[in-house]
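Shown next, in structure tokens, is the structure this report addresses.
The values are calculated or read from the model by the stated rules, or taken from the named source; none is laboratory data. As the structure is a computational prediction, the values presented were derived from the model and not from experiment. Cβ placement follows ideal geometry from the backbone for every residue including glycine, while neighbour counts extend to all protein chains displayed.
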Amino acid sequence: MSKVKKAIIPAAGLGTRFLPATKTVPKEMLTIVDAPIIFYVVEEAVKAGIEDIVLIAGRGKHAIEDFFDTSYELEDRLAKDGKEKLLERVTKIREMANVISIRQKHALGLGHAVLSGLPIIGKEPFAVLLGDEITMGFHNEPNVTAQLVRSFEETNTSTISVMKVEEKDVSKYGIAEVEEKTTGFFKVNSLIEKPKPSETQSRWALPGRYVFDNRIMDILKEAKPTLNGEIQLTDSMKVLCQRHGLNAMTFTAQRYDAGDKLGYLQANIELGLQNPELGAELKKYILQLAQSLK
Ligand code: UTP
């Protein structure tokens with residue numbers, strides 16, 4: 001059974017939902033509580049047993065690449081200031097995984113970003129974690145990527161995560177048309193990128209965590225731009241599903257679209273509440289604020 005040891009984290013998009021977009025601060029570098037969004041994503045991959053992480057960075061996104069470089073000055077300072085917890089998080093990633101960065105010169109779409117990782121992925125299966133989505137599990141249960149990796153290793157079939165959305169939100173996501181096999185585990189029959197609710201009966205959306213059989217790379221090499229003139233990963237997943245099969249599974253973790261204004265604020269509030277240093281005070285503040293909002 002193939003083992004999944006590599007992951008691609010696309011983070012080269014333009015990020016037009018925030019200003020100043022990529023000009024100075026890429027959205028993946030915006031901080032949630034005490035770490036950049038991209039750090040949470042890399043942490044998830046490392047906890048899922050991934051050893052080689054390919055960051056797809058774009059023009060104007062040096063900050064992402066620089067963040068994962070060693071910074072002796074910063075590490076020394078964190079140690080001196082007694083900020084061991086933060087230091088531990090940074091060094092753990094460096095010890096457990098190689099973070100490699102590849103440049104996607106033009107943001108030609110998510111499919112193109114994934115294909116840009118080919119020189120490092122080679123012939124192996126791999127995970128994809130979108131660089132602006134955070135998922136956070138509870139009570140030490142395996143994270144979303146770890147669950148997908150396990151499914152891939154058990155079934156030898158590509159597996160993606162899905163979540164139920166409301167009808168009004170269908171047009172914001174890639175949507176999977178599925179057949180439930182066991183509770184929370186599905187066979188995918190087809191996929192459609194950002195459909196109108198009338199174009200599909202399905203309400204199962206793709207939140208940005210995938211594990212792929214390497215054959216998706218051959219399909220991506222042939223892919224042409226479609227929706228918004230971009231090479232859509234969803235189109236190639238549809239071909240993969242028809243030719244080689246594709247499974248999907250739900251998850252219990254919280255998921256935040258941190259590349260979106262509301263999702264970004266929610267992630268800060270909810271992860272702030274879980275933070276041992278801040279949680280109690282933030283809760284007090286939110287309760288007081290809620291009173292004044294009544
Ligand atoms: P999004 O769908 O959030 O697109 O991409 P975007 O272009 O970054 O952002 P908005 O919608 O304009 O705000 C999901 C993830 O895929 C990456 C993005 O950086 C983001 O982390 N991506 C997208 C790429 O790496 N390359 C692309 O060509 C497109």
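Computed quantities for the displayed model
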| item | result |
| --- | --- |
| Top-ranked residue in segment 143-193 [being outside any strand (DSSP E or B) and of a type in the set (F, W, Y); ranked as nearest to K5 (Cα to Cα)] | F152 |
| Matching strands (runs of 3 or more DSSP E) fully within segment 194-286 where at least 3 residues are in contact with a helix residue (DSSP H, G or I) (Cβ under 8 Å, 6 or more places away or on another chain) | 209-212, 254-257 |
| Enumerated helices (runs of 4 or more DSSP H) restricted to segment 1-101, each holding at least 2 residues that are farther than 24 Å from R209 by Cα, of a type in the set (G, A, S) and under 21 Å from the mean Cα position of the chain (by Cα) | none |
| Looking only at segment 227-270, and only at residues there that are over 23 Å from L148 (Cβ atoms) and of a type outside the set (S, T, N, Q), the one that is nearest to the ligand (Cβ to nearest atom) | E230 |
| Any hit, segment 145-162, residues being out of contact with any Cys (no Cβ under 9 Å at 6 or more places or on another chain), among the small types (G, A, S), crowded, with 22+ Cβ neighbours inside 10 Å and at pLDDT 95 or above | yes |
| Scope segment 1-21; condition buried (at least 21 other Cβ atoms within 10 Å of the Cβ) and either of a type in the set (G, A, S) or more than 30 Å from N156 (Cβ to Cβ) (or both); matching residues | A7, A11, A12, G13, G15 |
| Flag for I231 being of a type in the set (V, I, T) and free of Cβ contacts under 8 Å to residues at least 40 places away in the same chain | no |
| Selection from segment 1-15 of residues that are within 12 Å of the ligand (Cβ to nearest atom) and modelled with pLDDT of 90 or more | I8, I9, P10, A11, A12, G13 |
| Lone unmet requirement of (1) in contact (Cβ under 8 Å) with a residue 12 or more places away in the chain; (2) away from the ligand (no atom under 12 Å from the Cβ) for E28 | (2) |
| Conditions (1) modelled with pLDDT under 95; (2) of a type in the set (A, V, I, L, M); (3) surrounded by 17 or more Cβ atoms within 10 Å (Cβ to Cβ); (4) out of contact with any strand residue (DSSP E or B) (no Cβ under 7 Å at 6 or more places or on another chain): number failed by V46 | (1) |
| Residue in segment 109-120 that is among the polar types (S, T, N, Q), in contact (Cβ under 8 Å) with a residue 24 or more places away in the chain and within 16 Å of the ligand (Cβ to nearest atom) present | yes |
| Scope segment 187-220; condition over 21 Å from the mean Cα position of the chain (by Cα) and acidic (D, E); matching residues | E199, D218 |
| Residue within segment 71-84 that is surrounded by fewer than 23 Cβ atoms within 10 Å (Cβ to Cβ), closer than 28 Å to K261 by Cα and out of contact with any helix residue (DSSP H, G or I) (no Cβ under 6 Å at 6 or more places or on another chain) present | no |
